[in-house]
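Structure first, commentary second.
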Amino acid sequence: MGYSKDRDRRSATLLNSILSECPFDKMERMIRGKPVFVIGAGPSISYSIPYLKRHKDIVKICADSALVPLMQGGIIPQIVVTDLDGDLQVMKKLSKTKTIFVVHAHGDNMERLEFASNFRNCIGTTQTEDVGRVRNFGGFTDGDRCVFLASHFGAKKIFLFGMDFGQRIGKHSKTRRQDRKIKLKKLRHGKELLEWLAHKTSSELYTLSKPITGFKKIRYDAIDSKLVV
Ligand SMILES: Nc1ncnc2c1ncn2[C@@H]1O[C@H](COP(=O)(O)OP(=O)(O)OP(=O)(O)O)[C@@H](O)[C@H]1O
Ligand SMILES: Nc1nc2c(c(=O)[nH]1)N=C(CO)CN2
Ligand SMILES: [Mg+2]
């Protein structure tokens, strides 16, 4: 993408200075050995809401702009992964709850990182090497970083919703007309990374979104049978 590694590193250093305690143990307890749902902001998120609502006990990891439709549907995710370009007011509403925010520092969001000080439970991520408490679990866009996070913390099964990597950008993403091409390029990279992860991870991978190589495509009515252990 042509980003500056030096700026990415400076951003990670700044985030490390903003964060105090990071709830890694809590994250581990939430995810290890469990099925988790990852929810992206692709067009299919709108059909997913009733199914997500039905599974109250499953940990939901929400990618950035997917937070607005989830909250409108009455669903509170346990984990939100963001580079802070989603709806900050909605995030602020959640900030005093138990929800864990996973804030990504990169070279183009340094001025927004201070917002992370609002979050009671916050883990920092980077796309360079680890900087103090700020970690690189892998991935690029918020959505694929949710999957890398779940895999890193040992999820048994990962189910994707609203992760429709392709030519249609979901309406909840705040993409300006002039940034469309870059967004589609980002989504292409995200998809390639997930296809790479599929060869490495020990989590079982399922998708209820557009097909991704290495992820088993399942229908909504098959979720229940896949959740039985
Ligand atoms: N068709 C799609 N349109 C939008 N998002 C999608 C789509 N398919 C999958 N996603 C996932 O949903 C996530 C959340 O969307 P959002 O618009 O908040 O993205 P983002 O990563 O914050 O983008 P940006 O690079 O502009 O920060 C994306 O990171 C992406 O991984
Ligand atoms: N430097 C930089 N890094 C990124 C960016 C970005 O816009 N700039 N966007 C990302 C996906 O949302 C992930 N990483
Ligand atoms: Mg984002």
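The values are calculated or read from the model by the stated rules, or taken from the named source; none is laboratory data. Note that this is a predicted model, so its numbers are computed, not measured. In this analysis, Cβ positions are derived from the backbone assuming ideal geometry, glycine residues included, and neighbour counts consider all displayed protein chains. The accessibility values were calculated without ligands, DNA or RNA, using every heavy atom of the protein model including side chains. Shrake-Rupley method; radii C 1.70, N 1.55, O 1.52, S 1.80 Å.
Residue count for the range 94-109 satisfying the condition of being farther than 22 Å from Glu21 by Cβ and assigned to a helix (DSSP H, G or I): 0.
Of everything in the range 1-39 that is charged (D, E, K, R) and in a loop (DSSP other than H, G, I, E, B), the residue that is most open to solvent (accessible area, probe 1.4 Å) is Glu21.
Please specify each residue of the range 171-196 satisfying the condition of being within 15 Å of the chain's Cα centre (by Cα) and open to solvent by less than 40 Å² (accessible area, probe 1.4 Å). Before you say what the answer is, go through the steps one by one.
Looking only at the range 171-196, we keep the residues that are within 15 Å of the chain's Cα centre (by Cα), and these are 172-173, 186-187, 189-191, 193-194.
Within the range 171-196, Ser173, Leu187, Gly190, Leu194 qualify.
Within 16 Å of the chain's Cα centre (by Cα), at pLDDT 95 or above and surrounded by fewer than 17 Cβ atoms within 10 Å (Cβ to Cβ): which single residue out of Leu84, Leu88 fits that description? I'd like the intermediate steps shown before the answer.
Working: Leu84 fails: surrounded by fewer than 17 Cβ atoms within 10 Å (Cβ to Cβ).
One residue alone meets the criteria, Leu88.
Taking the criterion of being in contact (Cβ under 8 Å) with a residue 40 or more places away in the chain, more than 16 Å from ligand 1 (Cβ to nearest atom) and open to solvent by 20 Å² or more (accessible area, probe 1.4 Å), the residues of the range 131-153 that qualify are Val131, Gly132, Arg133. Scanning the range 204-223 turns up no residue that is within 16 Å of ligand 1 (Cβ to nearest atom), out of contact with any Asp or Glu (no Cβ under 9 Å at 6 or more places or on another chain) and assigned to a helix (DSSP H, G or I). State yes or no: is Pro69 open to solvent by 10 Å² or more (accessible area, probe 1.4 Å), within 16 Å of ligand 3 (Cβ to nearest atom), part of a helix (DSSP H, G or I) and not β-branched (Val, Ile, Thr)? It is true that Pro69 is open to solvent by 10 Å² or more (accessible area, probe 1.4 Å), within 16 Å of ligand 3 (Cβ to nearest atom), part of a helix (DSSP H, G or I) and not β-branched (Val, Ile, Thr).
Being aliphatic (A, V, I, L, M), within 15 Å of the chain's Cα centre (by Cα) and either open to solvent by less than 10 Å² (accessible area, probe 1.4 Å) or more than 23 Å from Arg188 (Cα to Cα) (or both) holds for only one residue in Ala116, Ala105, and it is Ala105. Note on the range 40-66: residues that are open to solvent by 20 Å² or more (accessible area, probe 1.4 Å), among the aliphatic types (A, V, I, L, M) and assigned to a helix (DSSP H, G or I) total 1.
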